Amino acid sequence: MSPGESRLLQFVEARLESMLCRPAAWGSLESVEDQILQLLELRRFVLDPRADPQVSASNTQPLMRRYTRYISCVLPEATAAPLSLQLTARGRAEEFSALMRQFVQRDLTEVVAELGVSGEETLPADRLEVTARVLEGLGHAVRVRRPQEVPTALKFPDRKAS
Amino acid sequence: MASTRGQAQVAFLSSVKASGGKIAGARFSLQRGPLKFIEPTYWLTLDQAGGRSLQELPWTSELEEYLLFQLGLKMDAEDDESQRFAAILLNNLRKAESIHGKDYARAVLVEVLRAKPGYDLADLLDRAATPRPSSGSEHYRDCRTFLEHSVDGLRDSAQLNLEYGPDEASRLMEAALRITLDEAFHISTADLLFPRQDARG
């Protein structure tokens, strides 16, 4: 993973966290929902080194399939409408952040699982690259919630054993 | 007064020692696992006036300096010792990464270890997907010197502070370096994520 991609992932996780903590600062619930879904597509694209930019840019189906499956799990008699609208219609708009946070976490788990399964025909070096990206992604997801300390080096005295 | 967690750990153990207590047993684990971050931890059995207690202490560089350089404390089991050495190497690798960048520091580590044929690491080094770092810069020299000094210094400390024989020290270092490479390049985790392909070889 290049430093630029790593920075991008870091940005995505930090922006997701900000939107989940303070959705009102980022617009209406419907707008925030759209923005979060776009960020999740971006996260998935960066995590998968084999993803084709053209195909990924025009194909929202994998994410939307996961999303509608999730909505139907958490909302009885769910429709195809955005989660924010369905929650508002039910008088449960205050649950939006918690439910979106749950999906953001679940989506990462599902993406990790999918990357492993779909890697059956990839070269060993690509498999290591996918793994490194997945761990980098998980790392950013964790670090955004827990600031990382700069380690102190263990210094060894200058001397030689025989 | 202790201002960091490591200083507090050292102050606590020093006070136990000053009051006649001693460390009667020492275990260590990185607590490794698939898709998780390591949690290097000491479990020290303290003997204070005949009474024993078990202390769980997260690894810190201050605690390690105290146990390694001042007390010369060995672990009770060889496997624990190699994991402890790996914790030290991984900590110093992270330090190098924080200065020189992750990919660069890891590439330099691979080069440092390729130049040490005394350790049997070829299978892991071959799987460490990393470019060859350019070697003309001051950046390279600093990073290489630091990592080389970390590896050689730890081996020397294993003999001088912990009083392991040369063969034992080499065996512990080799095991620790294998863990370090595995953690740094996620090799076991990659095998877990792609089990079917690996089964086919």
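The values are calculated or read from the model by the stated rules, or taken from the named source; none is laboratory data. Remember, predicted model here, so these are calculated numbers, not experimental data. Heads up, the Cβs are rebuilt from the backbone with ideal geometry, glycines too, and the neighbour counts pull from every protein chain shown. These area figures cover heavy atoms from the full protein model, side chains too; ligands, DNA and RNA do not enter into them. Shrake-Rupley method; radii C 1.70, N 1.55, O 1.52, S 1.80 Å.
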Verdict on B:Arg155 being open to solvent by 50 Å² or more (accessible area, probe 1.4 Å), within 12 Å of chain A (Cβ to nearest Cβ) and either within 14 Å of the chain's Cα centre (by Cα) or polar (S, T, N, Q) (or both) = yes
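Every residue, every condition in (1) under 27 Å from B:Ser15 (Cβ atoms); (2) not assigned by TED's automatic domain parsing to the domain that holds B:Asp191, yes or no:
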{"site": "B:Thr60", "(1), (2)": "yes, yes"}
{"site": "B:Glu64", "(1), (2)": "yes, yes"}
{"site": "B:Ile88", "(1), (2)": "yes, no"}
{"site": "B:Lys95", "(1), (2)": "no, no"}
{"site": "B:Asp103", "(1), (2)": "no, no"}
{"site": "B:Leu125", "(1), (2)": "no, no"}
{"site": "B:Tyr140", "(1), (2)": "no, no"}
{"site": "B:Phe146", "(1), (2)": "no, no"}
{"site": "B:Ala158", "(1), (2)": "no, no"}
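Given the criterion more than 9 Å from chain B (Cβ to nearest Cβ) and either at pLDDT below 75 or surrounded by fewer than 16 Cβ atoms within 10 Å (Cβ to Cβ) (or both), identify the matching residue among A:Ala80, A:Ala125.
A:Ala80
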inquiry  = Just to verify a result, which residue in region B:32-50, among those that are out of contact with any strand residue (DSSP E or B) (no Cβ under 6 Å at 6 or more places or on another chain) and within 19 Å of B:Lys17 (Cα to Cα), is surrounded by the fewest Cβ atoms within 10 Å (Cβ to Cβ)?
reply    = B:Gly50
query = Somewhere in region B:26-36, is a residue within 28 Å of B:Glu183 (Cα to Cα), in contact with a Leu (Cβ under 7 Å, 6 or more places away or on another chain) and part of a strand (DSSP E or B)?
reply = yes
query = Does B:Leu68 qualify as being at pLDDT 95 or above, more than 16 Å from the chain's Cα centre (by Cα) and open to solvent by less than 20 Å² (accessible area, probe 1.4 Å)?
reply = no
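Can you find a residue that is at the interface with chain A (Cβ under 10 Å from one of its Cβ atoms) and either open to solvent by 20 Å² or more (accessible area, probe 1.4 Å) or free of Cβ contacts under 8 Å to residues at least 24 places away in the same chain (or both) anywhere in region B:108-124? Walk me through how you get there before you give the answer.
Residues of region B:108-124 at the interface with chain A (Cβ under 10 Å from one of its Cβ atoms): none.
No: region B:108-124 contains no residue that is at the interface with chain A (Cβ under 10 Å from one of its Cβ atoms) and either open to solvent by 20 Å² or more (accessible area, probe 1.4 Å) or free of Cβ contacts under 8 Å to residues at least 24 places away in the same chain (or both).
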query = Could we say that B:Leu90 is within 14 Å of chain A (Cβ to nearest Cβ), buried (at least 18 other Cβ atoms within 10 Å of the Cβ), of a type outside the set (Ser, Thr, Tyr) and under 24 Å from B:Gln7 (Cβ atoms) here?
reply = yes
message = Within region B:52-138, considering only helices (runs of 4 or more DSSP H) that don't extend past its boundaries, which have at least 1 residues that are in contact with a Pro (Cβ under 6 Å, 6 or more places away or on another chain) and within 29 Å of A:Pro3 (Cβ to Cβ)?
response = B:78-100, B:102-114
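Residues are listed down the side, and each one gets a yes or a no for (1) over 28 Å from B:His139 (Cβ atoms); (2) over 18 Å from the mean Cα position of the chain (by Cα):
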site: B:Ala26; (1), (2): yes, no
site: B:Pro34; (1), (2): yes, yes
site: B:Ala49; (1), (2): yes, yes
site: B:Asp80; (1), (2): yes, no
site: B:Asp103; (1), (2): no, yes
query = Is there a residue in region B:158-167 that is aliphatic (A, V, I, L, M), part of a helix (DSSP H, G or I) and under 15 Å from B:Asn91 (Cα atoms)?
reply = no
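Only one of these is open to solvent by 10 Å² or more (accessible area, probe 1.4 Å), free of Cβ contacts under 8 Å to residues at least 12 places away in the same chain and either touching a strand residue (DSSP E or B) at 6+ places or on another chain (Cβ under 9 Å) or of a type in the set (D, E, K, R) (or both): B:Ser53, B:Ser29, B:Ser15, B:Ser19. Name it.
Numbers: B:Ser29 fails: free of Cβ contacts under 8 Å to residues at least 12 places away in the same chain; B:Ser15 fails: either touching a strand residue (DSSP E or B) at 6+ places or on another chain (Cβ under 9 Å) or of a type in the set (D, E, K, R) (or both); B:Ser19 fails: free of Cβ contacts under 8 Å to residues at least 12 places away in the same chain.
Matching residue, one of B:Ser53, B:Ser29, B:Ser15, B:Ser19: B:Ser53.
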